[in-house]
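Everything on this sheet refers to the single structure shown next.
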Amino acid sequence: MAEPLFLKPVFHEKIWGGRKLSESFGYDLPDGDIGECWAISGHKNGTSIVENGTFSGQKLDQLWTNHPELFGNPKGSVFPLLTKILDAEDSLSVQVHPDNDYAMKHEGELGKTECWYVIDAEPDSYLIYGHNAKTKEELDQMIDSGDWDHLLTKVPVKSGDFFYVPSGTVHALNKGILVLETQQSSDTTYRLYDYDRVDKTTGKMRELHLEQSKDTITVPYKRPQLDIETVEKNGNKYTTFVQPPLSPYFAVYKWEINNSDDFKHEVGSYTLISVLSGEGQITIDNKDYSLSKGQHLIVPATVNSWKLSGNLNIIASESGEK
Ligand code: ZN
């Protein structure tokens, strides 16, 4: 069926979350401090449901299994990507994610390489990205003594920035930052440090995972050298942030659309689209579907080409898996 799959977001309450996802995107949020919008997800901890068309009401993980033609008959057993919007009203824990081998062995799921497109950041915001330990011994010793000031690298951040965060990278989003995250479909996080915070709902500090963190942090840290490229075509701007082979699990793009233009899948056989701002439409088989801020959709492999028109700022991604 040549039609887009519009998806309904799933929201998660977090100790560090807030209400910005309602203010910024008009989402109808549940009560509480909402930190994460799982916008495009086939993960069991929050699966997207299709909102339109032939597959209306079906879950993305079921579609992956029952309709592989939508995804180019992939080899993997799970939908490999997860698109989120994160509202860091407060700082996230300092954390690291395992690679595929470690995650599969210890957690029974994929590892987590992720990346962030910064939608908004308060003045003087920063994030933690990398560490300063030269050796494994130095790393272990700095973690054991809680020498966070010397261990952690702080990086200033502003809207429009992009960060690639391979598994094994020590990182944290700090307060006042709103990002769109594209990641492998994984929910495994090892916390090194959580600012000694107490969770309002449980009255306890959240669990730390020091041994797993030490096992998985890459030493020494090397900041990825990205080759971010923007090209102009038909008055539109197309930016490629990452793509295989540097980023083996996904390609991520920004499309700034002012004039209608034609598209096809570039790296993978299906394309994930998130509308960050603007209004417009996607046209598939001469049928128009309106697009507006906060919508998320997949253009499946059954669609060979499509047209976008209007004024749209989009983050798009494709799986690096074949
Ligand atoms: Zn993370």
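Remarks
- Thr182 under 24 Å from Asp140 (Cβ atoms), of a type in the set (S, T, N, Q), within 24 Å of the chain's Cα centre (by Cα) and in the same structural domain as Asp120 (by TED's automatic domain parsing): no
- If you filter the range 81-111 down to residues that are assigned to a loop (DSSP other than H, G, I, E, B) and open to solvent by 10 Å² or more (accessible area, probe 1.4 Å), you find that the one that is nearest to the ligand (Cβ to nearest atom) is Leu92.
- Qualifying residue in the range 126-144 (condition: touching a residue at least 40 places away in the same chain (Cβ under 8 Å), open to solvent by 20 Å² or more (accessible area, probe 1.4 Å) and either within 14 Å of the ligand (Cβ to nearest atom) or in the same structural domain as Phe250 (by TED's automatic domain parsing) (or both)): no
- Of all residues in the range 187-236, those that are modelled with pLDDT under 90 and not assigned by TED's automatic domain parsing to the domain that holds Asp99 total 0.
- Residue within the range 48-55 that is of a type outside the set (Val, Ile, Thr), closer than 23 Å to Ile314 by Cα and outside any loop (DSSP other than H, G, I, E, B) present: yes
Residue-wise test of (1) among the acidic types (Asp, Glu); (2) in contact with a strand residue (DSSP E or B) (Cβ under 6 Å, 6 or more places away or on another chain).
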position	(1), (2)
Thr47	no, yes
Val50	no, yes
Asn66	no, no
Gly72	no, no
Leu81	no, yes
Glu89	yes, yes
Leu92	no, yes
Asp99	yes, no
His106	no, no
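- Condition met for Lys44 (assigned to a strand (DSSP E or B) and in contact (Cβ under 8 Å) with a residue 12 or more places away in the chain): no
- Test: residue in the range 266-273 that is closer than 27 Å to Tyr129 by Cα and surrounded by fewer than 21 Cβ atoms within 10 Å (Cβ to Cβ): no
- For the range 45-77, a tally of residues being open to solvent by 10 Å² or more (accessible area, probe 1.4 Å), touching a helix residue (DSSP H, G or I) at 6+ places or on another chain (Cβ under 7 Å) and closer than 22 Å to Asn100 by Cβ returns 3.
- Looking at Asp199, Asp149, just one residue is open to solvent by less than 50 Å² (accessible area, probe 1.4 Å) and more than 15 Å from the ligand (Cβ to nearest atom), and that residue is Asp199.
- Number of positions in the range 61-82 that are under 15 Å from Leu110 (Cβ atoms) and in contact (Cβ under 8 Å) with a residue 24 or more places away in the chain: 8
- In the condition set (1) open to solvent by 60 Å² or more (accessible area, probe 1.4 Å); (2) of a type in the set (Gly, Ala, Ser); (3) within 16 Å of the ligand (Cβ to nearest atom), Ala172 is compliant with all but (1).
- So Asp120, is it open to solvent by 40 Å² or more (accessible area, probe 1.4 Å), over 29 Å from Ile34 (Cβ atoms) and either outside any loop (DSSP other than H, G, I, E, B) or among the hydrophobic types (A, V, I, L, M, F, W, C) (or both): no
- For the range 13-33, taking the residues that are touching a Lys or Arg at 6+ places or on another chain (Cβ under 7 Å) and not in a loop (DSSP other than H, G, I, E, B), the one that is least open to solvent (accessible area, probe 1.4 Å) is identified as Phe25.
- Leu210 of a type in the set (A, V, I, L, M), open to solvent by 30 Å² or more (accessible area, probe 1.4 Å) and within 22 Å of Asp161 (Cα to Cα): no
The values are calculated or read from the model by the stated rules, or taken from the named source; none is laboratory data. None of the values given here were measured: they were computed from a predicted structure. Counting neighbours? That spans all protein chains shown, and the Cβs are built from the backbone with ideal geometry, glycine included. Accessible surface areas use protein heavy atoms only, side chains included; no ligands, DNA or RNA. Shrake-Rupley method; radii C 1.70, N 1.55, O 1.52, S 1.80 Å.
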